[in-house]
Amino acid sequence: MRERLIEEYLNGMGTDSWKVFGAHFSHEYDQDGVRFTVYAPNAQKVSLIGSFNNWQGYDMFREPSGIWSIFARDIPENSLYKYRITTQTGEVYDRSDPFAFFSEQRPNTASIVYNMEGHFHWSDNEWMSHREKNICGPMNIYEAHAGSWKKDGEKFLRYGELAEELIPYLKEMGYTHVELLPLTEHPLDASWGYQPSGYFSATSRYGTPEELMSLIDRCHRENIGVILDFVPVHFVSDFYALHQYDGGAVYESQEESQRYTEWGSVRFDYTKPHVISFVRSALDFWLHHYHLDGIRYDAVSNLIYPNGQPEKGVYEAGIWFLKNANYYLRRKYPGVMLIAEDSSQFLKVTAPVEYGGLGFDYKWDFGWMHDTLEYLALPPAQRQQERGKFLHSTSYFYQETYLLPFSHDEVVHGKKTVIDKLYGDRQAKFAQARTLYLHMFTHPGKKLNFMGNELAEFREWDENKSLGWNILEYPEHRTFQRYTEGLNHLYRKEPALFREDYNSECFRWLDFGENYPAVFAYLRKDFAGHALLIVLNFSARYLKPYRLAVEGACFEEIWNTDAKEFGGKGYRNREIKAVSVGKGRKELFLELAPYGGCVIRIE
């Protein structure tokens with residue numbers, strides 16, 4: 001099997017190359033030990049150094065095609081190790097293992113001998129047998145950074161501590177999934193994990209691989225899915241990791257002009273078959289060992305176009321990798337969601353590979369996010385002439401399987417938080433934020449919000465600080481959190497809001513904002529007879545009556561952003577006046593608060 005796995009890796013066919021590369025406990029020559037294997041085709045010499053030999057080195061044997069290997073006895077688990085590589089020009093570098101399963105905490109950089117099979121016993125069989133892609137079910141994702149959701153003073157919470165705090169919060173708030181920013185090992189906290197150094201190594205900042213497995217297992221026992229953010233485009237440029245690994249360009253381009261990204265990281269070169277095997281095997285590794293329910297691919301547009309720039313043509317090697325990896329993963333892990341963070345207009349991102357697509361299950365809808373936030377940043381008097389921004393998303397929505405995000409990227413680097421992007425004074429911002437989120441949760445598509453959005457944070461996210469939980473001492477923030485909690489549960493309760501997300505027949509505009517400036521209405525329904533009317537008033541005017549003709553017999557308001565328990569003034573539609581206008585249609589007379597919105601059940 002070893003020879004087959006190595007051949008597949010070198011030919012770009014590797015899917016589980018982690019089974020042969022890295023450090024594996026084994027029994028050879030009638031002895032117990034650890035087999036170390038690394039790919040360093042340009043090296044003149046490779047030695048194994050570690051805490052077990054006083055960092056002095058055991059010479060490794062060069063196998064065909066640049067594979068170096070050694071079987072070493074009497075190596076305890078959790079031993080530190082590196083590969084000492086002598087380049088063709090005689091330079092000597094100590095490198096971490098690209099396939100290390102565990103690593104030292106930064107700033108130290110050694111790999112750790114770790115038995116992935118020998119520690120944890122999963123108890124999530126029921127969850128694993130029933131998990132699905134949620135196309136026809138509710139999906140409300142809480143995006144979280146493990147290092148700053150909450151902190152213990154200046155220290156990170158460990159995976160177990162995070163489980164104790166985070167899981168009950170997710171359940172109480174009504175989220176269906178948690179998406180964790182990258183947990184692959186990385187040297188710089190400020191990179192948030194987006195400049196990885198170890199693609200098979202769960203970061204030791206928060207604990208051991210076993211502790212991470214326990215966190216995920218406990219999520220599953222509470223019916224919470226776990227999605228991992230994964231970085232397939234680039235890796236950190238620090239010289240102990242993948243960068244010029246053996247003195248040559250093993251993982252990156254031979255051409256220096258094509259090697260580096262705008263972020264100072266190093267691009268994978270997907271024209272090299274073993275790079276495809278490496279990254280695809282990393283994806284397989286995380287799904288196999290950590291029972292993840294979804295993978296969010298970062299910066300997909302950079303795999304579709306060189307540097308994400310369409311004017312440079314299509315990046316055929318990147319597209320081949322995406323199709324190849326996604327086709328494999330969809331077949332092996334049919335219940336796992338593959339999610340593209342893609343800002344391009346490339347077609348068929350979420351179509352199956354066999355139908356000419358890239359094979360993703362979902363794509364982030366950046367258009368909806370940017371257009372909606374830009375619209376609500378305008379003064380109300382200017383919104384009428386810009387209403388196309390608000391309406392635009394449904395003109396293209398059914399071309400892909402979209403997910404609506406308000407992610408971490410929108411609340412940093414001077415962009416302001418979501419609530420602070422909205423026009424007006426503090427009171428107006430809170431009122432509009434409630435109606436904005438009502439729109440998000442009643443617009444077709446699955447949902448994602450970054451941690452802190454539910455608190456109505458005005459302070460931008462800082463990875464060095466915990467979320468501002470203390471702001472819940474203020475009534476406006478506490479009621480907004482309560483509003484978000486209620487909205488999350490309303491979304492999960494109403495089938496019309498999720499069952500037919502991607503069927504255009506189940507969404508219909510009733511008012512494009514033509515009758516009253518900045519007032520919109522639309523219908524959500526499913527084929528089981530559930531129907532909801534959503535009305536949004538993004539004007540500063542109090543409207544009574546707002547008149548709208550709708551098909552139906554009975555009408556009941558089930559949600560209003562202006563309820564007093566949510567911080568509003570209490571304008572409600574407790575008894576809806578409805579006058580028949582023929583052909584099963586009735587004209588409703590509604591009351592709409594300034595910047596307010598409501599949901600009406602139709603029967």
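Helices in the chain, meaning DSSP H runs of at least 4 residues, each add -39500 (n - 2.57). Divided by all residues, the mean residue ellipticity at 222 nm is -7000 deg cm²/dmol. Counting beta carbons within 10 Å around each of 269, 293, 124 and listing the fewest first gives the order 124, 269, 293. Against the main long axis of the alpha-carbon atoms of the chain, helix 209-221 sits at an angle near 30°. For a label point 7 angstrom out from the Cα of residue 27 toward its Cβ, which stretches of region 68-91 have the backbone nitrogen within less than 17 Å? Residues 72-75 fall inside that zone.
The chain: longest stretch without exposed chymotrypsin sites (Phe, Trp or Tyr not before Pro) (DSSP loop, at most 11 other Cβ within 10 Å), sites themselves excluded?
Longest stretch, sites excluded: 30-526.
With a cut-off of 13 Å between beta carbons, the residues surrounding residue 33 carry a summed charge of -3, where Lys and Arg count +1 and Asp and Glu -1. Calculated on the Cα set of region 1-298, radius of gyration then Dmax: 19.4, 60 Å. What number comes out for the charge environment of residue 14, summing +1 per Lys or Arg and -1 per Asp or Glu over other residues with Cβ under 14 Å away? So the environment of residue 14 carries a net charge of +1.
Projected label points at residue 257 and residue 169, each 7 Å from Cα along the beta carbon direction, are separated by 4.8 nanometres. Taking 0.692 mPa s as the viscosity and 37 °C as the temperature, the Stokes-Einstein diffusion coefficient of region 212-290 based on its alpha-carbon Kirkwood radius rounds to 227 µm²/s.
Restricting the calculation to alpha carbons of the chain gives Rg and Dmax of 26.6, 90 angstrom.
Ordering 122, 1, 137 by Cα displacement along the dipole of region 1-298 toward the positive end leaves 1 in first place; charges were set at the Cβ atoms of Lys, Arg (+1) and Asp, Glu (-1). Of the beta bridges in the chain, as assigned by DSSP with both residues counted there, near 70 percent are antiparallel.
For region 558-597, GluC sites (Glu not before Pro) are listed when DSSP marks them as loop and at most 14 other Cβ atoms sit within 10 Å of their Cβ; the list is 575.
In terms of distances greater than 22 angstrom between alpha carbons, the cross-link table entries 171/446; 544/586; 389/525 yield 389/525.
Pairs 447/493; 272/323; 155/465; 133/363; 332/447: which exceed 19 Å Cα-Cα? Violating the 19 Å Cα-Cα cut-off are 332/447. Our coupling estimate for region 271-288, obtained by passing each phi through the Karplus curve with A = 6.51, B = -1.76, C = 1.60 and θ = phi - 60°, is 6, 8, x, 5, 5, 4, 4, 4, 6, 5, 5, 5, 4, 4, 4, 5, 6, 6 Hz, Gly and Pro reported as x.
No value in this document is a laboratory result; all are computed from the given coordinates. On a predicted model such as this, the values are computed, not experimentally measured, just so you know. Reconstructed Cβ throughout: ideal geometry from the backbone, glycine too, with neighbour counts over all protein chains shown.
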